[in-house]
Amino acid sequence: MRRQLPDSLVSRRELRWAALAGAAAASFTTVSLALAGFNSATNGGPGTYTSKRIFPGIRSGAAWTVRDASGGVSETTADDSLSYADAVLKTTGNWATIFASNRYVEFDFNSPRPGGVAVSSAQFNFRMAANGAGETACFYLEVYRASTSTLIGSHGDASNPVACNSTILQTTYSTTLAEVTNTTILNDLRVRVYGKESGSKPMKQDLATVTGSTPYSSFTQYEKIYRDQSTTTPTTTNWSLATSGDGTVYVSASNWATTFSTLRYMKLTFDPGVPSGSVITSASVDFYYKANTSGDTVCWYFETYNGATLLGTHGSSGSPVSCNSTSSFSTDNVTLSELTSVTDANSLTIKVYMKDSTGSRKSQADLAQLNVNYYLD
Amino acid sequence: MRLSLQKIVLSIAIVGAAAGIAGLGTFATFTSSTSATHTIASGTLSLTAPFSRLGTGASPIAAGDTMQRAIDLSYAGSIAFSTVTLTTSASPSSLLDTDATNGLQMVIDKCSVAWTESGPPYTYTCGGSTSSVLASRALIGTDLALTNLTLTAGATDHLRATITFPSAAGNTFQNQSSTLSYAFTGTQRAGQSQ
């Protein structure tokens with residue numbers, strides 16, 4: 001049987017592909033050979049670097065608790081009315097019977113926390129009641145960044161209020177603020193409460209705080225600016241001791257004497273919320289004051305306490321921290337070298353003794369603030 | 001032109017047989033030969049770190065902190081080095097190494113003699129002259145070229161890495177942790193005539 005050879009053993013197309021593949025292989029080999037070479041390696045590490053849980057920094061917070069014994073007889077409670085459920089009420093203006101976008105009250109909170117720390121279980125605590133028997137007060141709320149007025153959360157709405165109180169019994173309503181995820185937001189917080197009252201009357205408020213936790217401590221944020229727009233016309237009331245130069249001052253409850261007396265004082269309590277385990281590197285108190293009557297001279301000195309335990313004395317009846325005979329506030333900053341423990345810082349009370357040159361005159365305080373520089377490893 | 005397979009095979013067989021006979025005749029004469037041998041052996045290259053503090057981390061650090069760590073690089077072998085590069089990596093990783101601006105920064109210096117160490121925390125002073133090996137940059141990098149190294153077999157370069165946590169690092173850098181590794185790779189000199 002005869003076999004015929006094909007016309008060509010390899011076609012031209014196959015030859016071209018073979019040539020191309022050969023060239024590619026040759027090129028690959030050449031490049032590989034060129035890149036190859038001897039090398040030797042050695043390692044350093046590994047080393048682990050971990051940053052502090054809280055960086056060093058000064059955190060400041062005002063006194064929200066005031067016990068005023070300027071009269072030398074007894075203590076008058078003069079706390080911020082919205083910071084405690086203490087039956088010291090803040091009454092709004094008259095609401096309408098229906099919600100309106102221009103009828104609300106607003107609370108800007110203080111900023112005493114180290115930023116950048118995770119927050120859990122943040123909640124807005126609002127304690128209120130209707131104005132009178134048989135009336136009903138309702139509210140819903142929005143949460144904003146105070147610095148930018150950016151809305152970050154809504155809770156309830158005009159159709160579905162967060163709560164209504166049909167009694168005159170003060171009741172606390174706590175609303176979870178899931179949008180408050182860290183202390184940077186917490187330090188820049190504004191809560192706007194829209195309200196209505198069935199009798200077109202005021203709402204009686206006892207408490208407006210934000211509470212929650214960080215990995216290191218629990219916290220309470222206190223309102224420092226209160227805006228009441230329940231009537232649609234806004235009025236602003238700042239907590240007198242929280243911000244200097246805002247035109248809102250704390251006037252002593254009674255007149256001071258011409259001489260210092262251990263019976264005449266103001267006790268100021270702070271809530272710095274220094275986390276357990278923190279290292280306090282420095283602390284100080286800002287106290288801005290002047291006479292309530294122009295021409296008078298007022299002087300002061302103070303003691304620091306943890307409960308009933310005296311921690312330190314700054315100035316004395318014979319040598320006050322300072323005196324002020326001007327119409328401007330004396331802006332005193334006094335170092336608290338005795339404040340080295342977290343427990344003492346978190347329980348600090350300062351007892352301010354004052355006197356007035358003419359007697360039977362009051363004093364003004366524009367700022368009472370504790371500054372604590374601390375870090376947490 | 002078409003050829004049958006049989007004809008082709010037959011032709012090749014005939015030509016092959018003829019060539020074989022002719023070849024036998026050609027080699028069937030007196031012969032003489034000489035030979036030479038030589039040995040070609042490849043060289044060696046060795047980069048080691050006989051001393052290193054790079055495994056010493058730091059905790060807890062705050063913005064503005066600076067950490068100094070020394071490492072000696074020794075060169076050995078029969079082939080010279082041309083370069084040494086550094087590759088750094090982090091595992092686990094955090095903002096400390098992923099943020100190129102406010103995360104950890106590194107600069108490497110060389111001392112002509114061994115650094116004088118104190119601490120911990122470690123700090124170093126140079127009793128000789130210093131030169132820059134790596135300019136300040138983000139700590140994490142790949143194949144970073146190191147300069148001013150000796151690179152000759154038998155020599156040792158005394159390096160000091162200064163790691164800085166920038167002061168501008170904000171609160172988002174709190175409670176972060178990174179484990180850093182450093183790989184130094186030395187490469188042979190270029191090929192040459194031998």
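Structure values in brief
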| quantity | calculated |
| --- | --- |
| Residue count for segment A:325-343, restricted to those that are in contact with a Phe, Trp or Tyr (Cβ under 9 Å, 6 or more places away or on another chain) and surrounded by 14 or more Cβ atoms within 10 Å (Cβ to Cβ) | 6 |
| Flag for B:A168 being among the aliphatic types (A, V, I, L, M), more than 9 Å from every other protein chain (Cβ to nearest Cβ) and either in a loop (DSSP other than H, G, I, E, B) or in contact (Cβ under 8 Å) with a residue 24 or more places away in the chain (or both) | yes |
| Test for A:S244: is it modelled with pLDDT of 95 or more and either among the small types (G, A, S) or under 23 Å from A:P114 (Cβ atoms) (or both) | no |
| Residue match in segment A:171-186 (condition: in a loop (DSSP other than H, G, I, E, B) and closer than 24 Å to A:T235 by Cα) | no |
| Meets criteria (surrounded by fewer than 22 Cβ atoms within 10 Å (Cβ to Cβ) and away from chain B (no Cβ under 14 Å)) for A:A146 | yes |
| Count - residues of segment B:32-67 that are in contact with a strand residue (DSSP E or B) (Cβ under 9 Å, 6 or more places away or on another chain), more than 7 Å from chain A (Cβ to nearest Cβ) and among the hydrophobic types (A, V, I, L, M, F, W, C) | 2 |
| Which numbered condition A:E197 misses (of (1) touching a Leu at 6+ places or on another chain (Cβ under 8 Å); (2) within 23 Å of A:S174 (Cα to Cα); (3) surrounded by 21 or more Cβ atoms within 10 Å (Cβ to Cβ)) | (1) |
| Residues that are out of contact with any Ser or Thr (no Cβ under 6 Å at 6 or more places or on another chain), in contact (Cβ under 8 Å) with a residue 60 or more places away in the chain and farther than 12 Å from A:L207 by Cα, drawn from segment A:68-95 | A:A69, A:V73, A:E75, A:T76, A:A78 |
| Residue selected from segment A:74-102 under the condition modelled with pLDDT of 95 or more and crowded, with 22+ Cβ neighbours inside 10 Å, by the criterion farthest from the other protein chains (Cβ to nearest Cβ) | A:W95 |
| Residue that is farthest from the other protein chains (Cβ to nearest Cβ), among those in segment B:171-194 that are over 17 Å from the mean Cα position of the chain (by Cα) and hydroxyl-bearing (S, T, Y) | B:S193 |
| B:G170 small (G, A, S) and closer than 30 Å to A:P215 by Cα | yes |
| Answer residue from segment B:140-165, given it is surrounded by fewer than 15 Cβ atoms within 10 Å (Cβ to Cβ) and within 20 Å of B:S91 (Cα to Cα) and is nearest to the other protein chains (Cβ to nearest Cβ) among those | B:D143 |
| A:V352 vs. criteria crowded, with 22+ Cβ neighbours inside 10 Å and β-branched (V, I, T) | yes |
| Matching residues in segment B:59-86 - criterion: being without any contact (Cβ under 8 Å) to a residue 40 or more places away in the chain and under 21 Å from the mean Cα position of the chain (by Cα) | none |
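The values are calculated or read from the model by the stated rules, or taken from the named source; none is laboratory data. Being a predicted model, the structure only gives us computed values, none of them experimental. Backbone-built Cβ (ideal geometry, glycine too); neighbour counts: all protein chains shown.
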